[in-house]
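Following: one structure in structure tokens, then a few remarks.
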Amino acid sequence: MDTSLPKIDQFLAALDSAVADGSFVRLALRLPFGTDETLKSIDVKPATIREQLKLSFTFHHQTRDLVQNHPPAGAIGQLRRLMEKDFRQAFLFTTAFDLQFDSQGKSPRLKQSEPTSKAPATLSHDRAKARPIPAAGKAWLTELGVTGADGQVLKAAGDKFRQINRYVEILGPLLKAIPEGKLNRVVDMGAGKGYLTFAVADYLKQNLGRSAEVVGVEFRDDLVRFCNDTANAIGIGNLSFEQGTIENFDSAGADVLIALHACDTATDDAIAKGIAAGSELIVVAPCCHKQIRREIETSNHGNALDFLMKHGIFVERQAEMVTDAMRAMILEHFGYSTKVFEFISDVHTPKNVLIVATKTKRGKDAAQLRKLAEAKEFFGIRRHYLEDAVGL
Ligand SMILES: C[S@@+](CC[C@H](N)C(=O)[O-])C[C@H]1O[C@@H](n2cnc3c(N)ncnc32)[C@H](O)[C@@H]1O
């Protein structure tokens, strides 16, 4: 170690060497003093991501953790800034020694000690992540073009693979909570090529040991034929697809209603079918929000929203929020408890909002309709498509 260098440079040089010779185990930043008061600490560990060595930073904020992965050179620059501006202490753990940097006093100090860990870090990132739907050993994933014959996820299908896994991860415990006799039929509206429909059928049978049937509803005849042929060829007995529109589908007996990116008002039709069936669970990831966007753009909302409406991007975002928040209100009116949240990072899809509605009450909640009327008036919306679909 070149002791003539400033202490921070010595510390970062030690990190650089440890990363280069593979002895780096982990690094921790403690004692925050920066402007972001929510940032409490940071942990850094090595990880291989797509066969590249990265330093994986976990930023521990008060209410959430954020992960960033950086190539080593960029990571060292980032650490220098963090040590100068945000944290008083940094701890470097290598298999050869531990090194502590402390800038609490008048001048920074370095203290080297025996290594806490003599075992090299496991570069865990690329290890198969435990997913509800694993890539390997699922013939239907290969037939649907998500995985290759080797059981690896194909590059173009990575986002879809993550989406269905995340969706099933959220849906799984909710399905599990439905008593045996009350879970007989799951309906997937706007099933498309059946990615989610196959995933849910597979998960129900293989992971939960449930015998409920899963039905995909789709108006494209070619997709319905393909999906039914695939399900039959692979022998997935609890799965079938019906050709037709969501609007005309008889949803009676649908205990659970799901939809992933059913276009625009097709999501409303799906929700309406779930409400009509009294489904225990309605889970939808909406897609485009054109109907309410048109309403907002063409209606008279006074001047109060002009400052937002002059920016196309905010009209878009407003339409999305208003559409889905009103869907939640209507669901609550019909006795559902709702949660609306991002179910996957927007890196994988911008259509990343999920509405989860669980039937908790029998009657109707008139207060929700009053709130809906006020919200419609505020935004100058004449009708929300879902109001008509559910006969309000
Ligand atoms: C964006 S794709 C999503 C497909 C699938 N859920 C997925 O995430 O992979 C929407 C699908 O819904 C179907 N769809 C849209 N509106 C529909 C309607 N009213 N009735 C039946 N199918 C509909 C479309 O044909 C399309 O296949």
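The values are calculated or read from the model by the stated rules, or taken from the named source; none is laboratory data. The shown structure was predicted, so the numbers you read here are calculated from the model rather than taken from an experiment. Counting neighbours? That spans all protein chains shown, and the Cβs are built from the backbone with ideal geometry, glycine included.
Tell me which residues, restricted to the range 249-264, are over 20 Å from the mean Cα position of the chain (by Cα), buried (at least 23 other Cβ atoms within 10 Å of the Cβ) and near the ligand (Cβ under 9 Å from one of its atoms).
Hits for the range 249-264: nothing passes.
State which residue pairs qualify: first residue within 18 Å of Lys273 (Cα to Cα) and inside the range 179-201, second residue among the hydroxyl-bearing types (Ser, Thr, Tyr) and within 8 Å of the ligand (Cβ to nearest atom) in any location, beta carbons under 6 Å apart, and separation of 6 or more residues or different chains.
Hits for this filter: Asp188/Thr197; Ala191/Thr197.
So which residues in the range 228-244 are within 15 Å of the ligand (Cβ to nearest atom) and over 14 Å from Asp188 (Cβ atoms)?
The one that is within 15 Å of the ligand (Cβ to nearest atom) and over 14 Å from Asp188 (Cβ atoms): Thr230.
Taking the range 60-115 on its own, how many of its residues are among the β-branched types (Val, Ile, Thr), in contact (Cβ under 8 Å) with a residue 60 or more places away in the chain and either over 11 Å from Phe11 (Cα atoms) or touching a Pro at 6+ places or on another chain (Cβ under 8 Å) (or both)?
Residues flagged as among the β-branched types (Val, Ile, Thr), in contact (Cβ under 8 Å) with a residue 60 or more places away in the chain and either over 11 Å from Phe11 (Cα atoms) or touching a Pro at 6+ places or on another chain (Cβ under 8 Å) (or both) within the range 60-115 amount to 2.
Name the strands (runs of 3 or more DSSP E) wholly inside the range 275-392 in which the number of residues that are free of Cβ contacts under 8 Å to residues at least 60 places away in the same chain is 2 or more.
336-342
Would you mind finding the one in Val356, Val322 that is touching a Leu at 6+ places or on another chain (Cβ under 8 Å) and assigned by TED's automatic domain parsing to the domain that holds Lys182?
None of the others qualify; the one that does is Val356.
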